[in-house]
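Input: a single structure, listed below in structure tokens.
The values are calculated or read from the model by the stated rules, or taken from the named source; none is laboratory data. Predicted model, so just to flag it, every value in this text is computed and none were measured. Quick reminder, even Gly has a Cβ in these numbers, built from the backbone with ideal geometry, and neighbours come from all protein chains shown. All accessible areas refer to the heavy atoms of the entire protein, side chains included, with ligands and DNA or RNA removed. Shrake-Rupley method; radii C 1.70, N 1.55, O 1.52, S 1.80 Å.
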Amino acid sequence: MHVVLSGYFGFHNTGDEAILSSMIKQLRTLHPDIRITVLSDDLIHTTTTYGVETVSRWNFRDIRRVLQASDGLISGGGSLLQDATGPKSIVYYTSIINMAKWLGKPVFIYAQGMGPFNQLVGKKLTRYTLNRVDGLTVRDQDSKQRLETLGVKQNCSVVPDAVFGYEAPSVQKKHQIAISVRSWDGSESYIPKLAFACDQLAQQGFSILFVPMHGQEDERFAKLVELQMTEPAVVAPGDDSIEEKLDRIAESELLIGMRLHALIFAAVSHTPFLPLSYDPKIDSFAAMYKLDNGWHVEGENWDGHLLFKEAQRMLDQRRRIGKKIASTTASFHEDALSTTKQALQVLQK
């Protein structure tokens, strides 16, 4: 069997690379002889890291050739069909899906986060494309509702993000707080708030460790926060491996995070997490764990003192919170493998 994987792969974003790694592991667990071709921006990295075949995600002639020779396309996971970052993402990913359909190949949408959809062209392309696919799964209830509002009639299932397929690492906890931040919309208004809270936690005796999830981009932004702190902190290397970043979060007593997959890493490792939202996908994830502080990074309803107090409350209850997270995550872990089974069933028809 030969499958083609399309997603935000090869850009060294830890979340998307963790999605790809988990998908490949699960596909090979269920179908050991499977042949996998990944559409990637960094062919050498993807091939050497995962032991798969690759095609440049920008070479449509080669993409057409490999799709024609395949048994079908798996699109996802991640937030591919959204126009918060502009219209290009929706245009690109629907083009790949529609190319596969024009070639008569089955397409499975794998645990994607859908939206936001702000522009008419994105709404129309998404509706047209998803009504033609052979299997449709999204990673949260909000995504399903957005598709229903768009007029997508295809049967849609809510499933966990592929990264829930990871096993909890076996590490010892440290007296450490992990921080995952990113730049968003050119605003840095939340840096002083976060720096203040980190200083307060450091004065309580905790080590502060920034875990960049998107390479040098997040590493640079973490250093901006560190520069505004008065207490010492460490910024981990942006080019750490997926496993190293997962271990760093698992070793921590608490994660304060913006990046979705940093929050998922915390959930997988049963580490209490405090989300700072910049996108609806963070709110949707927080709702899965019944967390609703309503704090948006650009919001006026919180400051560094409130963030510190909430972190302190969670640390005081970290064992109880950790057990609750473990219980919720266990069901997501089982369901993640079921999604891969469903994808293979669709492509084998």
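Observations
- Checked against (1) under 24 Å from the mean Cα position of the chain (by Cα); (2) open to solvent by 10 Å² or more (accessible area, probe 1.4 Å), Val225 passes all but condition (2).
- Qualifying residue in the range 26-33 (condition: touching a Leu at 6+ places or on another chain (Cβ under 7 Å), under 29 Å from Gln119 (Cα atoms) and open to solvent by less than 50 Å² (accessible area, probe 1.4 Å)): no
- Just one of the listed residues (Gly115, Gly86) is buried (at least 22 other Cβ atoms within 10 Å of the Cβ) and at pLDDT below 95, and it is Gly115.
- Looking across Asp185, Asp161, one residue alone is over 30 Å from Thr339 (Cβ atoms) and either among the charged types (D, E, K, R) or open to solvent by 10 Å² or more (accessible area, probe 1.4 Å) (or both). It is Asp185.
- Residues (out of contact with any Pro (no Cβ under 6 Å at 6 or more places or on another chain) and not in a loop (DSSP other than H, G, I, E, B)) located in the range 281-300: Lys281, Asp283, Ser284, Phe285, Ala287, Met288, His296
- Restricting Asp240, Asp218 to those that are in a loop (DSSP other than H, G, I, E, B) and closer than 16 Å to Gly15 by Cα reduces the list to Asp240.
- Residue within the range 71-85 that is touching an Asp or Glu at 6+ places or on another chain (Cβ under 9 Å), among the β-branched types (Val, Ile, Thr) and in contact (Cβ under 8 Å) with a residue 40 or more places away in the chain present: no
- Test: residue in the range 291-308 that is within 19 Å of Val268 (Cα to Cα) and either surrounded by 15 or more Cβ atoms within 10 Å (Cβ to Cβ) or not aliphatic (A, V, I, L, M) (or both): yes
- Whichever residue in the range 328-346 is small (Gly, Ala, Ser) and modelled with pLDDT under 95 and, among such residues, is surrounded by the most Cβ atoms within 10 Å (Cβ to Cβ): Ala336
- Selection count where residues are farther than 17 Å from Leu276 by Cα and open to solvent by 60 Å² or more (accessible area, probe 1.4 Å), scope the range 188-216: 4
- Scanning the range 301-342 for residues that are touching a helix residue (DSSP H, G or I) at 6+ places or on another chain (Cβ under 6 Å), of a type outside the set (Asp, Glu) and not in a helix (DSSP H, G or I) returns no hits.
- When Tyr110, Tyr50 are checked against the criterion of being open to solvent by less than 60 Å² (accessible area, probe 1.4 Å), in contact with a Gly (Cβ under 7 Å, 6 or more places away or on another chain) and at pLDDT 95 or above, a single residue qualifies: Tyr110.
- Restricting the range 128-144 to residues that are among the hydrophobic types (A, V, I, L, M, F, W, C) and either more than 9 Å from Ser157 (Cα to Cα) or in a loop (DSSP other than H, G, I, E, B) (or both), the residue that is farthest from the chain's Cα centre (by Cα): Val133
- The set of residues in the range 249-273 that are part of a loop (DSSP other than H, G, I, E, B), open to solvent by less than 10 Å² (accessible area, probe 1.4 Å) and touching a residue at least 60 places away in the same chain (Cβ under 8 Å) comprises Ser252, Met258, Thr271.
- Condition met for Asp71 (more than 18 Å from Tyr8 (Cα to Cα) and at pLDDT 95 or above): yes
- Cβ-Cβ contacts under 6 Å between residues 6 or more apart (or on different chains), taken from a first residue in the range 215-243 that is in contact (Cβ under 8 Å) with a residue 60 or more places away in the chain and over 18 Å from Asp199 (Cβ atoms) to a second residue that is of a type outside the set (A, V, I, L, M, F, W, C) and open to solvent by 20 Å² or more (accessible area, probe 1.4 Å), are listed as Gly215/His12.
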